[in-house]
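Visitor: Just passing along the structure, written as structure tokens.
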Amino acid sequence: MHTLPLNENALYNKVAWRLLPVLFLCYVASYLDRVNVGFAKLQMLNDLKFSETVYGLGAGIFFIGYFIFEIPSNLALHKIGARLWIARIMITWALLSAAMVWVTTPLSFYCVRFLLGAAEAGFFPGVILYLTYWFPAHRRGKITALFMTGVPISGVIGGPLSGWIGSNMPGIYGLAGWQWMFILEALPSLLLGILVIIVLKDGINSAPWLNQAEKDFLHAQIKQEEQAKTTHSAQHLLGNPKVWLMAVIYFCFVMGLYGVSFWLPSIIHNLGVDNAADVGWLSAIPYGAASIAMILLGHSADKRQERRWHLAIPAVLGGLGLILSALWAHHTLWAMLALSLATAGIISILPLFWSLPTAILGGVAAAAGIALINSLGNLAGFLSPYLVGWLKDTTASTDSGLFVLAGFLLLGAGLVLSTPKQNT
């Protein structure tokens, strides 16, 4: 191992500054294109005469396409390289997100959402895998948290932006506000897809901004970690109980995530907020709280080298926030505080979760295992919005849906605490 002119922390900060800004912007664009349908819903359902159940199914069917194509996509990234594959993912999902403009029937809604999921499959687990090429596990909690602040930041930016578009763009060139929303919010993904080709490098060896001593040191760190990992082939993953436990835990957490992501605008609207722009601004508040909580929690977990309680406690708080938001639905201020607690708890646990499977899987097993856990867990992204929509049509309220989502979060917290301490 070579002696570096820079210290270890300085080197990893250098790598982070080279990779994270563009990956962060990509994730902001990704999440915006995935969930802006929640804001479009406020106008689209009336224009197209869709029921809440149709919306919930369309929002969720994204994850069926995601599920089918995610593992092949991540294996392709491992083989072809992150730069070209992530760019391909982003450009195709931008085009399909814009294609929502031509949706007129439930079937066309379902088809475009399915294809959007298929196009985006592999982006998130691909980035998680990509980070393992550069950072050892004990540094990935904070790094992944910084990357995944793209989720709440997307809400902070996307809420007011979507609200503004919905309020100010209807009728321009004969298009509805929700149609303009899909067009304008697809453009960043298209431009960032091109930027990825220019900026990203496939791995340590292809980074011209590292000298040879720095490359050798980073390689040594990754090699040392790989020796302690499970390196079974992808075929053995289905028989690995750890992988299945991780998938179930992630499923529970994702139930909460997409319950909030796809329904937050509607929940705020149901508090008596009618103006689309006001809904957009208010939706930024819970996401702002989540941005702060995510960074603080990731820093705390890395500092204390602990994951179980850092996952379980925010999951419980997230469930409590959902329950309180339903109970306080007639008090806007208290309901917004509860939604902020729920959103902060739910979103802040997601980056920490990924430090668990990436610490036990290596080689091809990491590429396939991350994708398998993410794809199985993200089936909750199909069930969650559909279930909430069906319960709302059945009971004329989102309360029962919020209680169910809270139950999944509490179950996930319990499963995390059931895992052996030494593995987390």
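The values are calculated or read from the model by the stated rules, or taken from the named source; none is laboratory data. Fair warning: this is a prediction, and the values are worked out from it, not measured in the lab. As a convention, Cβ positions derive from the backbone with ideal geometry for all residues, glycine included, and neighbour counts pool all protein chains shown.
Visitor: Residues to consider are L20, L57; find the one that is surrounded by fewer than 24 Cβ atoms within 10 Å (Cβ to Cβ), within 16 Å of the chain's Cα centre (by Cα) and at pLDDT 85 or above.
Guide: Going through L20, L57 in turn, just one is surrounded by fewer than 24 Cβ atoms within 10 Å (Cβ to Cβ), within 16 Å of the chain's Cα centre (by Cα) and at pLDDT 85 or above: L20.
Visitor: Look through L161, L192 and report the one residue that is in contact with a helix residue (DSSP H, G or I) (Cβ under 6 Å, 6 or more places away or on another chain) and in contact (Cβ under 8 Å) with a residue 60 or more places away in the chain.
Guide: L192 is the lone residue from the list that is in contact with a helix residue (DSSP H, G or I) (Cβ under 6 Å, 6 or more places away or on another chain) and in contact (Cβ under 8 Å) with a residue 60 or more places away in the chain.
Visitor: Quick check on I346: is it surrounded by 17 or more Cβ atoms within 10 Å (Cβ to Cβ), closer than 17 Å to E70 by Cβ, of a type in the set (A, V, I, L, M, F, W, C) and modelled with pLDDT of 80 or more?
Guide: Values: surrounded by 17 or more Cβ atoms within 10 Å (Cβ to Cβ): yes; closer than 17 Å to E70 by Cβ: no; of a type in the set (A, V, I, L, M, F, W, C): yes; modelled with pLDDT of 80 or more: yes.
Against the criterion (surrounded by 17 or more Cβ atoms within 10 Å (Cβ to Cβ), closer than 17 Å to E70 by Cβ, of a type in the set (A, V, I, L, M, F, W, C) and modelled with pLDDT of 80 or more), I346 does not qualify.
Visitor: Checking the condition polar (S, T, N, Q), in contact with a helix residue (DSSP H, G or I) (Cβ under 8 Å, 6 or more places away or on another chain), closer than 19 Å to G150 by Cα and crowded, with 19+ Cβ neighbours inside 10 Å, which residue from S283, S266 passes?
Guide: Only one candidate passes the filter, namely S283.
Visitor: Which residue is surrounded by the fewest Cβ atoms within 10 Å (Cβ to Cβ), if the candidates are limited to the stretch 115-160 and must be closer than 14 Å to L77 by Cβ and of a type in the set (V, I, T)?
Guide: T132
Visitor: Also, I was wondering about something else. Residues of the stretch 162-212 being among the acidic types (D, E) and assigned to a helix (DSSP H, G or I), which ones? Give the derivation first.
Guide: Taking the stretch 162-212 as the starting set, the residues that turn out to be among the acidic types (D, E) are 185, 202.
Once the filter is applied, which keeps residues that are among the acidic types (D, E) and assigned to a helix (DSSP H, G or I), the stretch 162-212 yields only E185.
Visitor: Moving to a separate point now. Could you pull out the residue among H232, H299 that is part of a helix (DSSP H, G or I) and either at pLDDT below 85 or surrounded by fewer than 17 Cβ atoms within 10 Å (Cβ to Cβ) (or both)?
Guide: On inspection, the qualifying residue turns out to be H299.
Visitor: What's the total number of residues in the stretch 359-374 that are crowded, with 23+ Cβ neighbours inside 10 Å and either at pLDDT below 80 or within 19 Å of S266 (Cβ to Cβ) (or both)?
Guide: Total satisfying the criteria: 10.
Visitor: Quick check: anything in the stretch 39-46 crowded, with 19+ Cβ neighbours inside 10 Å, over 20 Å from L116 (Cα atoms) and aliphatic (A, V, I, L, M)?
Guide: yes
Visitor: Next question, about the same structure. Residues being crowded, with 24+ Cβ neighbours inside 10 Å and either of a type in the set (V, I, T) or not in a helix (DSSP H, G or I) (or both): count how many of those fall in the stretch 91-102.
Guide: Final tally of qualifying residues: 0.
Visitor: Another one. Just one of (1) within 30 Å of L391 (Cα to Cα); (2) modelled with pLDDT of 80 or more trips up A276, so point out which.
Guide: (2)
Rundown of residues vs (1) within 21 Å of I370 (Cα to Cα); (2) touching a helix residue (DSSP H, G or I) at 6+ places or on another chain (Cβ under 8 Å); (3) in a helix (DSSP H, G or I), yes/no style:
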residue	(1), (2), (3)
M44	no, yes, yes
F50	no, yes, no
V54	no, yes, yes
G58	no, yes, yes
F67	yes, yes, yes
A76	yes, yes, yes
K79	yes, no, yes
I86	yes, yes, yes
I89	yes, yes, yes
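Visitor: Residues that are at pLDDT below 85, more than 20 Å from V254 (Cβ to Cβ) and in contact with a helix residue (DSSP H, G or I) (Cβ under 7 Å, 6 or more places away or on another chain): does the stretch 399-412 have at least one?
Guide: Yes, because at least one residue in the stretch 399-412 is at pLDDT below 85, more than 20 Å from V254 (Cβ to Cβ) and in contact with a helix residue (DSSP H, G or I) (Cβ under 7 Å, 6 or more places away or on another chain).
Visitor: Quick check, is A186 under 24 Å from the mean Cα position of the chain (by Cα), of a type in the set (G, A, S) and over 23 Å from W354 (Cβ atoms)?
Guide: The answer is yes for A186.
Visitor: Do the conditions hold for I197, that is, is it of a type in the set (A, V, I, L, M) and within 23 Å of V273 (Cβ to Cβ)?
Guide: no
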